[in-house]
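**Q** Before anything else, here's the structure in question.
Nothing in this text is a laboratory measurement; each read-out follows from the coordinates by a stated rule. Model, not experiment: these values are computed from the prediction. Backbone-built Cβ (ideal geometry, glycine too); neighbour counts: all protein chains shown.
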Amino acid sequence: MTFGNILKKLRKEKNFTRYELAEKLNVSYSTIAHYENNHRLPDSNILKDLSMIFNVSTDYLLGSDSGYIKNEQILIDYNNLSEDGKKDFKSYLELLKIREEHFKEYK
């Protein structure tokens, strides 16, 4: 997926219009249109702001990271779990580590 496709997808998921996103970034509507149509890439400051607005990594925005959730979101979700949920989460994480270690031999 291209940067423009990713941006458009994220914008629509948040129900932002191009005008609303442009206002949040202090850029013009046409700038957003250029981004979404892959005619232009944002500078690093705009990229960082987009990352914060959509709660994704800059790597995800640029299409080089399949991860969608930032580490901060994982912590927020974890902290919102009940004590039992936190125990289950830790157990599941340990199982994932064991699985990764076991299958590392076969990769």
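**Q** Taking R0 as 25 Å, what's the FRET efficiency between residue 1 and residue 43 from their Cβ-Cβ distance, rounded to 0.05?
**A** 0.75
**Q** When the helix-only estimate is applied to the chain (DSSP H runs of n ≥ 4, each -39,500 (n - 2.57), divided by the residue count), what is the mean residue ellipticity at 222 nm, nearest 500 deg cm²/dmol?
**A** Calculated at 222 nm, the ellipticity per residue is -20500 deg cm²/dmol.
**Q** Rounded to the nearest angstrom and ordered from largest down, what semi-axes does the equivalent ellipsoid of the range 1-102 get from its C-alpha gyration tensor (root of 5λ)?
**A** They are 34, 16, 10 Å, listed largest first.
**Q** Relative to the longest principal axis of the C-alpha atoms of the chain, give the angle of the C-alpha long axis of helix 83-104, reported between 0 and 90° and rounded to the nearest 10°.
**A** It works out to around 90 degrees.
**Q** Now a separate question. For the range 1-82, which chymotrypsin sites (Phe, Trp or Tyr not before Pro) are in a loop by DSSP, counting at most 15 other Cβ atoms within 10 Å?
**A** 68
**Q** For residue 34 and residue 80, compute 0.36 nm times the residue count separating them, minus their Cα-Cα distance, and round to one decimal in nm.
**A** 12.7 nm
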